[in-house]
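The values are calculated or read from the model by the stated rules, or taken from the named source; none is laboratory data. Predicted, not measured: the structure shown is a model, and the values here were computed from it. Cβ sites come from the backbone with ideal geometry, for glycine too, and all protein chains shown count toward neighbours.
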Amino acid sequence: TPRIFSGIQPSGGLTLGNYLGALKRFAALQGDQAQTIYCVVDLHAITVWQDPETLRRNTREATAAFMAAGVDPARSVLFNQSQVTAHAELAWLFNTVARVGWMYRMTQFKDKAGKNSENASLGLLAYPALMAADILAYQATAVPVGEDQKQHLELTRDIAAKFNHDYKVEHFPITEPLIEGVATRVMSLRDGTKKMSKSDPSDASRINLTDDADAIAQKIRKARTDADPLPGSIDGLKDRPEARNLVNIYAALADETPDQVLARFEGQGFGAFKPALAEVAVAAMSPITAKMSEYMADPAEIDRILGKGAERASEIATPILERTKDIMGILRSR
Ligand code: TYM
């Protein structure tokens, strides 16, 4: 059976963007068609400073979010990255395959490192090699992500291809990105040209998975929009990024197409649309928020689930790592 892999960083509270672009789709991909492997990537999070106690809490909270969104640890392999040492080991091997120039070209590195990139951690630069290791440690063939991870997945393909070429093998698959649906790039509620992000300084720019119903309704009420009525189809929103974003969010939450949504709101303004969106958002998100806090009430149980998931993940990854070492001529005597 084909394998699907994806991960989320525990570097702060998760947002509606993470839910619609990733978690909701992770849950939907579970089934007999493929084995699904989902990971809380704590080793990626520490490429920028994390307070230790907060990191531990965020690792559990991200795990709770996976489960609240419908990822079932009995049907998927769910674990945190650092507990499966194959990730870090394979990442080192990939550090010798990937080229420095590939890393400097990554837009996420440029964004996160900022102007003083000499002062970024070496891990932040090497980040995509660890991401390639996450995926290829399982020889995963498909990776569901949001739009912002596309460049990293291209680099994963480059690493796999260069490894196969350099060692004259067909060991690693060339992974397919799964960037599908209307919510692959959920935008900020304050600025329709910026991605909704957990690191945006304005809390009003995002809906957090921990926001209660009042906070969700208030943020939608205050979301930036324009004064024009809604058109009958999404093509009419080409130059209206804020409006398009809200319609896409509605469609993703309600499992409809944007055109189906607009067919009902054609000719109406945001005075009518926003309360309807708030209702749909609260109905979809409140059960998730509630389940997350239920899971968070029992951290020992979360830790147990992650430990079991890590064992299952290691069983898959270890033989692939060993085979990789053999190909490279790394001596193994046990
Ligand atoms: P991260 O933790 O930033 O985000 C997790 C997932 O959420 C998606 N996402 C969004 N989707 C739509 N709209 C948004 N505004 C939005 N914001 C975030 C991301 O695209 C991602 O799918 N490098 C990855 C984590 C990672 C990974 C991997 C992913 C590490 N190893 C291996 C896949 C496979 C990251 O930083 O995602």
Restricted to the stretch 51-90, and to residues that are among the hydroxyl-bearing types (Ser, Thr, Tyr) and closer than 14 Å to residue 130 by Cα, which residue is nearest to the ligand (Cβ to nearest atom)?
82
Mind checking which residues of the stretch 114-128 are within 14 Å of the ligand (Cβ to nearest atom) and among the acidic types (Asp, Glu)?
none
Can you tell me which residue among 90, 130 is within 17 Å of the chain's Cα centre (by Cα) and either within 19 Å of residue 162 (Cα to Cα) or crowded, with 18+ Cβ neighbours inside 10 Å (or both)?
130
Return the pairs, sorted by first residue and then second, in which the second residue is at pLDDT 95 or above and part of a loop (DSSP other than H, G, I, E, B), the first residue lies in the stretch 98-119 and is in the same structural domain as residue 147 (by TED's automatic domain parsing), the beta carbons are less than 6 Å apart, and the residues are 6+ apart or on different chains.
113/120
Quick check, is residue 194 free of Cβ contacts under 8 Å to residues at least 60 places away in the same chain, exposed (fewer than 15 other Cβ atoms within 10 Å of the Cβ) and among the charged types (D, E, K, R)?
yes
May I ask you to verify whether residue 143 is within 14 Å of the ligand (Cβ to nearest atom), modelled with pLDDT of 95 or more and β-branched (Val, Ile, Thr)?
yes
Every listed condition ((1) outside any loop (DSSP other than H, G, I, E, B); (2) within 13 Å of the ligand (Cβ to nearest atom); (3) of a type in the set (A, V, I, L, M, F, W, C); (4) surrounded by fewer than 18 Cβ atoms within 10 Å (Cβ to Cβ)) holds for residue 48 save (1)
Could you list, in sequence order, the residues of the stretch 17-34 that are assigned to a helix (DSSP H, G or I) and touching a strand residue (DSSP E or B) at 6+ places or on another chain (Cβ under 8 Å)?
17, 18, 22, 23, 25, 26
